[in-house]
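Since the structure comes first, as structure tokens, the remarks are kept for the end.
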Amino acid sequence: MKIVPNNIIPFPGFLAINLFGVLFVRKARVGKITEVTINHESIHTAQMKELLYVGFYIIYFFEWLFNLVFHTKEAYERISFEREAYQYEKDFEYLKTRKHYAQWDKTITKR
């Protein structure tokens with residue numbers, strides 16, 4: 001995964017943001033990127049690819065918005081893409097066996 005250190009994105013308070021499979025990290029926080037973080041973001045990249053990138057961002061936004069309205073304090077944690085990525089971020093073999101659209105698998109637990 002390509003990592004781009006910069007002084008602009010992500011917004012302060014966030015470690016990194018994955019945009020179209022490229023990980024943007026603030027220069028001051030590059031040292032905090034771990035293999036677990038890279039695996040988490042690689043899971044998001046797999047999700048993006050199968051939803052043709054734009055579909056991922058549209059669904060992600062609407063899931064977050066829906067959750068913000070109905071589950072205010074847990075909006076981010078309830079996003080299906082995040083639940084999958086957090087559940088498997090420490091399983092470095094997961095992407096080798098991951099099934100398509102696994103973010104909607106009912107066996108994925110809430111974070």
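Quick notes on this structure:
- Flag for H40 being touching an Asp or Glu at 6+ places or on another chain (Cβ under 9 Å) and without any contact (Cβ under 8 Å) to a residue 24 or more places away in the chain: no
- Residue list for the range 1-24, restricted to those being among the aliphatic types (A, V, I, L, M) and within 14 Å of the chain's Cα centre (by Cα): M1, L15, A16, I17, L19, V22, L23
- Flag for G13 being modelled with pLDDT of 95 or more and among the small types (G, A, S): no
- Qualifying residue in the range 66-86 (condition: among the basic types (K, R), in contact (Cβ under 8 Å) with a residue 12 or more places away in the chain and in contact with a Phe, Trp or Tyr (Cβ under 9 Å, 6 or more places away or on another chain)): yes
- Residue ranges of helices (runs of 4 or more DSSP H) in the range 36-100 with at least 3 members surrounded by 13 or more Cβ atoms within 10 Å (Cβ to Cβ) and either in contact with a Ser or Thr (Cβ under 7 Å, 6 or more places away or on another chain) or not hydroxyl-bearing (S, T, Y) (or both): 54-70, 80-88
- Pairs, first more than 20 Å from Y53 (Cβ to Cβ) and without any contact (Cβ under 8 Å) to a residue 24 or more places away in the chain in the range 12-31, second among the charged types (D, E, K, R) and not in a loop (DSSP other than H, G, I, E, B), C-beta under 7 Å, six or more apart: L15/R29; L15/K32
The values are calculated or read from the model by the stated rules, or taken from the named source; none is laboratory data. Note that the structure is a prediction, hence the values are computed from the model and not measured. No Cβ is skipped: glycine too gets one built from the backbone with ideal geometry, and neighbour counts run over all protein chains shown.
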